[in-house]
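Each reported figure results from applying straightforward, stated rules to the coordinates on display, with no laboratory input. Model, not experiment: these values are computed from the prediction. As a convention, Cβ positions derive from the backbone with ideal geometry for all residues, glycine included, and neighbour counts pool all protein chains shown.
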Amino acid sequence: MVDSAPAGPAPDAGADTHALPDDLPETVYAWLEARGWGDGLPVVAPTEERVAAMLAGYPGDPDEVIGVLPPRLGEATPRVLAVNAVMAGCAAGMLPLLVAATRGMCAPEFNLRGVNSTTHPVSVMVVVHGQAVAAHGFNSGTGTLGPGNRANATLGRAVRLALLHIGGGTAKGAGDAGLADAATHGQPSKYTFCFAENADASPWAVYPRSLGLESRSAVTVAGMENPHNIHDMETRGEPGPILNKMATVMATFGTNNAVVSSAEYFIVLGPEHAATIAAAGWARQDVQAYLFEKARRRAGDFRANFRSALWCPWMRALADDDLQPMTESADNIRILVAGGPGKHSLVVPSWGLTRSVTVPVD
Amino acid sequence: MTVHLLDPSGRVGEPAKQLAPGLPVLTGARIAVLDNLKPHAGYIQGAVARLLAERTGAVVTLEIPKFSAARPAEPEVLDRLRESADLIITGSADCGSCTSWSCHDTVVLEQAGIPTLLLATAGFTEIARQVSSLYGMPQARVLTVRGPLGGSSDNELDAMALEALEDALVLATTTPSAPDAA
């Protein structure tokens, strides 16, 4: 029984317990600051009762080591993740989604060691798919990237808190007090970066289905930059002009995609752009193929700008005046639909040496 | 009114690790460079290796790149190093992911029994020590150069290498102990 125990860990706790005189916001802030924890914003105090409620109904072993998060190499268990979910403000029932996101980040191809320590501002983009969107109250429509919706805001924040606390990815430059995140500037999406696929407004199968996944729900994690907006009100009929604008955003030398040809882009189409494209008979693969053809620059210009770059062999064989694609495969251009009415879509560039991972959730 | 809050950071299970012994005599020793392909990393690491060789009668036997600074050294690269080197100079640690993965490589090579100097710029030395500590090796042989490497001329890089030579000699020929635990 823990209710009569003195300060100290509960017998079955994977996480240590800290005794505080109260859980006033000021007290909790001081507790965080003394340990270098938190994202700078207020948190919900992770009391034993709240963490137990977060764990209630979790279908797996609460002490399973989902993965070890670098660079700190802390063990991410559902129990410790639940502490972070509470702190982030997640509603009960969200833990399986946070566990799925953590599994994704621990896949070798995600390269979490790089993502959680680089000078690049990369954050972890989290996308929720399928039945979990409605079941947990995610907003897949207007303002899906926020602010305002609890589920979107808190799942993304819980991922970040796990990376800060378990992974030790706290800002660390010369003279800074953190542990190991060397991001020169960081970016706003390092606070939270989560949205939901708008399946109802998508003319195509849900994104996980395009990967061959048949689960009821899924969570995608990807190491990405902040999104860049595309505005097109002019196009009707053939969708080329919308996609041409996207291609100009993709074909910049200012992203790491230019240096790493295996890197992905996420193209988040607003429903209206998606409808225009689909009405012309285009499938998801047609959008991928078109952008692969259009997002190119002279190979000689690539070489003039980058001395050491990770381009696949056939790109290196191009003549200077040949057009080199921004990515080595059309499959690296990931297409999904999210957001509400309006003539806007998003291009999301990659950190580079990381692959997105989609984890089924049932 | 006492409340009990749960710790959000979880356990860390990384055990402490030992360094490979330093080489008492460098004369005749084989020095290899593991280049992570960051701009000028291979250049300055090679410069340090050659200065060490000139000073001591060691030989530079191998300068080999890995695929990317943001990934660990490939097994075949590690095999080549094990076959070819008594002393390794690796790095550079002058950004975040490259520092983190260079620390990883350093620990792997030290565990393979080869003293390994991790070349770090001044701006990233502290993070290199921190990450090495997280790997259980706070005493890692971090060789600090002034930096930054990116944007520096060959003459500046040569000067940085020369400034670091004495430190490199000490790190290669001794076995640093772990600093006092914080």
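The table below lists the values:
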| quantity | calculated |
| --- | --- |
| Calculated from backbone phi, Karplus (6.51, -1.76, 1.60) coupling profile of segment A:298-304 in Hz, x at Gly/Pro | 4, 4, x, 6, 4, 5, 5 |
| Simple Cβ-charge dipole of chain A, Lys/Arg +1 and Asp/Glu -1, about Cα centre, in debye nearest 20 | 900 debye |
| Two-decimal ratio, segment A:228-342, of alpha-carbon radius of gyration to 2.2 N^0.38 Å | 1.10 |
| Cβ-based net charge around B:C103, under 15 Å, with every Lys or Arg adding one and every Asp or Glu removing one | +3 |
| Set of segment A:287-302 residues, backbone N closer than 17 Å to the point 7 Å along the Cα-Cβ line of A:D320 | A:297-302 |
| Most mobile of A:A56, A:A158, A:A100 in a GNM of chain A (Cα contacts under 10 Å) | A:A56 |
| Counting DSSP beta bridges with both ends in chain A, the antiparallel % (nearest 5) | 75 percent |
| Per-pair calculated FRET efficiency, R0 = 41 Å: B:D79 and A:H231 via Cβ, rounded to 0.05 | 0.20 |
| Unsatisfied cross-links (Cα-Cα over 21 Å) in the set A:K294/B:K66; A:K190/A:K245; A:K245/A:K294 | A:K294/B:K66; A:K190/A:K245 |
| Among B:M137, B:I127, A:V128 the positive-end extreme of the charge dipole of the protein assembly as shown (Cβ point charges) | A:V128 |
| Lys/Arg +1, Asp/Glu -1 at C-beta; chain A dipole; positive extreme among A:V337, A:P46, A:V347 | A:V347 |
| Whole-angstrom gap from segment A:318-362 to segment A:38-90, using each part's C-alpha centre | 31 Å |
| Cα point-scatterer Debye curve for the protein assembly as shown, base-10 log of I(q)/I(0) at q = 0.06 Å⁻¹ | -0.33 |
| Simple Cβ-charge dipole of segment B:102-178, Lys/Arg +1 and Asp/Glu -1, about Cα centre, in debye nearest 20 | 300 debye |
| Helix-only CD estimate at 222 nm, as mean residue ellipticity for the protein assembly as shown, using -39500 (n - 2.57) per DSSP H run (n ≥ 4) | -10000 deg cm²/dmol |
| FRET efficiency estimate (nearest 0.05) - Cβ-Cβ, A:T248 to A:A171, R0 45 angstrom | 0.85 |
| Top positive-direction residue, dipole computed over the protein assembly as shown with Cβ charges, set A:Y58, A:P71, A:F195 | A:F195 |
| Karplus 3J(HN,Hα) series, Hz, for segment A:141-149 with 6.51 cos²θ - 1.76 cosθ + 1.60 (x for Gly, Pro) | x, 3, x, 4, 8, x, x, x, 9 |
| For A:R334, B:R50, order by how many other beta-carbon atoms lie within 10 Å, fewest first | B:R50, A:R334 |
| Chain A, relative contact order in percent, only Cα pairs under 8 angstrom and at least six apart counted | 20 percent |
| Value in Å of the Kirkwood radius, where segment A:63-106 supplies the Cα pairs that are averaged | 10.5 Å |
| Cα-centred dipole magnitude for segment B:127-171, charges only on beta-carbon of K, R (+1) and D, E (-1), debye, nearest 20 | 340 debye |
| Dimensions (Å) - chain B, Cα atoms, principal axes, largest first | 69, 35, 31 |
| Taking N as its residue count, the alpha carbon Rg of segment A:319-362 over 2.2 N^0.38 Å | 1.64 |
| Cα extents of segment A:133-211 along the three principal axes, largest first (Å) | 50, 28, 22 |
| Footprinting exposure proxy for A:E48, A:E33 (fewest neighbouring C-beta atoms within 10 Å first) | A:E33, A:E48 |
| Segment A:201-215-segment B:63-83 distance, computed between alpha-carbon centres (Å) | 39 Å |
